[in-house]
Amino acid sequence: MARTKDPAIRVLLIERAAHMLRSREPITLRSVVAGTGLSTMAVYTHFGSMDGLWRAVRQEGFTRLAARLATVPATGDPVRDLAALGAAYVSNALANPDLYRVMFDVGFALEDPAAADEGLLPLIRAAERAREAGRFRGDVEAPALATQTWTVGHGLASLVTAGPLPREALAYGPELLVALFTSNGDDPAACRRSVDGGWVIS
């Protein structure tokens, strides 16, 4: 008879494995379940194998990122929305530092490789809306600008969650985004208002 899968146990094992990876602790089938009250069978029940666990760990990072980005509503100010999505990216990294570290470890496969690309789609849509609204030049390529916005968030998140920068360095985000957006045609004063309104780290 197949064993029943418990979502809470799945999350527990994923978060424990991510923490161990980030802490560089030796990881074995037994060490993952040590101290949890679970048997090694729990790994097989929920993931099929240790490789399955690694795939699930990396996937969970992108799943939580997508969920966080989905909380950012589209407003009448697409530049604000683009800044808000960048801030949401950073907020997700701060809330899930262990999973964030593993998300970009290409030594582990993903359960759903398309999920990584889908995380960029909300930024592309916001960039397209901003271009259509005349905030950016007509020749601005939305995917490129979305990627550059993601790069700003990723750089700050990586340097703060893994060191060496303190959390206060996140205040550089608005300056970097204003420089990026104005170089793509946005009005400096309007851009500053939009970015300041969107860059809220929670």
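The values are calculated or read from the model by the stated rules, or taken from the named source; none is laboratory data. Since we're looking at a predicted model, the values are computed, not measured. Virtual Cβ from ideal backbone geometry, glycine too; neighbours counted across all protein chains shown.
The table below lists the values:
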read-out	value
Residue list for the range 105-123, restricted to those being surrounded by fewer than 16 Cβ atoms within 10 Å (Cβ to Cβ) and either part of a helix (DSSP H, G or I) or of a type in the set (Gly, Ala, Ser) (or both)	Gly107, Ala109, Ala114, Asp117, Glu118, Leu121
Condition met for Pro188 (within 30 Å of Leu21 (Cβ to Cβ) and not basic (Lys, Arg))	no
Val57 vs. criteria crowded, with 21+ Cβ neighbours inside 10 Å, over 10 Å from the mean Cα position of the chain (by Cα) and under 28 Å from Trp150 (Cβ atoms)	yes
Only one of Gly185, Gly134 that is touching a Phe, Trp or Tyr at 6+ places or on another chain (Cβ under 9 Å) and at positive phi	Gly185
Of all residues in the range 26-45 being under 19 Å from Gly107 (Cα atoms) and either crowded, with 19+ Cβ neighbours inside 10 Å or polar (S, T, N, Q) (or both), the one that is farthest from the chain's Cα centre (by Cα)	Thr28
Every pair of residues 6+ apart whose Cβ atoms lie under 8 Å, when the first sits in the range 142-158 and is more than 13 Å from Leu82 (Cβ to Cβ) while the second is part of a helix (DSSP H, G or I) and hydroxyl-bearing (Ser, Thr, Tyr)	His154/Tyr89; Leu156/Tyr172; Ala157/Tyr89; Ala157/Tyr100
Residue match in the range 147-166 (condition: outside any helix (DSSP H, G or I) and in contact with an Asp or Glu (Cβ under 8 Å, 6 or more places away or on another chain))	no
Some residue of the range 76-83 being at pLDDT below 95, part of a helix (DSSP H, G or I) and within 25 Å of Tyr172 (Cβ to Cβ)	no
Answer from Val102, Val90, Val57 - the residue that is outside any loop (DSSP other than H, G, I, E, B) and more than 30 Å from Leu177 (Cβ to Cβ)	Val57
Among residues of the range 182-202, those that are farther than 23 Å from Asn92 by Cα and of a type in the set (A, V, I, L, M), counted	2
Per-region count, the range 63-101, residues buried (at least 16 other Cβ atoms within 10 Å of the Cβ), more than 28 Å from Ile14 (Cβ to Cβ) and of a type in the set (S, T, N, Q)	0
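Quick grid of which residues meet (1) touching a residue at least 40 places away in the same chain (Cβ under 8 Å); (2) under 11 Å from the mean Cα position of the chain (by Cα):
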| site | (1), (2) |
| --- | --- |
| Phe47 | no, no |
| Thr63 | yes, yes |
| Arg68 | no, yes |
| Ser91 | yes, yes |
| Tyr100 | yes, yes |
| Leu120 | no, yes |
| Leu123 | yes, no |
